[in-house]
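Just below is one structure, and these are the notes that go with it.
Bear in mind these aren't lab numbers, they're just calculated from the coordinates by the rules spelled out. Fair warning: this is a prediction, and the values are worked out from it, not measured in the lab.
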Amino acid sequence: MRTIRVPAAVCGLLALLLGLPFAGGTAPGALDAAAAGAVAHLGPGVARALVLPTEPYVVLVLGLLGVFRCLRAGRRWEAAVALAAPVLAILLTAWLLKPLYDRWKNDTLVYPSGHTVSLAAVLTVLVLVTRRVVVVVLAAVALLAAAAGLVGMGYHYLTDVVGGTLFAVSVVLFSWPVRRPVPAPSAG
């Protein structure tokens, strides 16, 4: 588990660097414009449905599922982190990163995407708690769907969503307790 600190640092650095070209601006980048064009055919009902996983009541249920799984396994410290790390990621996004990057769309600060931070943080917790490939796949599908919906609804640019995902993963991985190997009993 010590190796999660390296991807945590990489994700955090990428999230911080990705927002720099857009800081203080309102215009989409080339990738943002291409993504908006790719999802422009989505109807409002479809785009709204794709955004559903980012709704607070869905995120809350997913987060509590992660906490419950930790408690059921007797891992109280992980349960506390499963609860606290997503909250920390959301607060840092709203109070620090959004004002710092000052990227606007439709009169709203958008980098990194708070919708995405909340979803990606609880999904990262679920991946760490379950350690199951199916959870990784479902999490990736949910994030891709949410990205298409957030861009399709015009709430965010793609870079906001990617930056939010990277930042959330970084905060959760840095927060996650490192398991220490249990020493083998002495033979002599």
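Values computed for the structure shown
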| item | result |
| --- | --- |
| Which labelled figure in [x] 12.1; [y] 11.2; [z] 10.5 is mean projected area of the Cα convex hull in nm², once derived from the coordinates | [x] |
| Overall Cα dimensions of the range 8-90 - principal axes, largest extent first, Å | 48, 34, 18 |
| CD proxy at 222 nm, helix term only [per DSSP H run n ≥ 4: -39500 (n - 2.57); per residue of the chain; nearest 500] | -21500 deg cm²/dmol |
| Principal semi-axes in Å for the range 79-156 [√(5λ), Cα gyration tensor, largest first] | 24, 17, 6 |
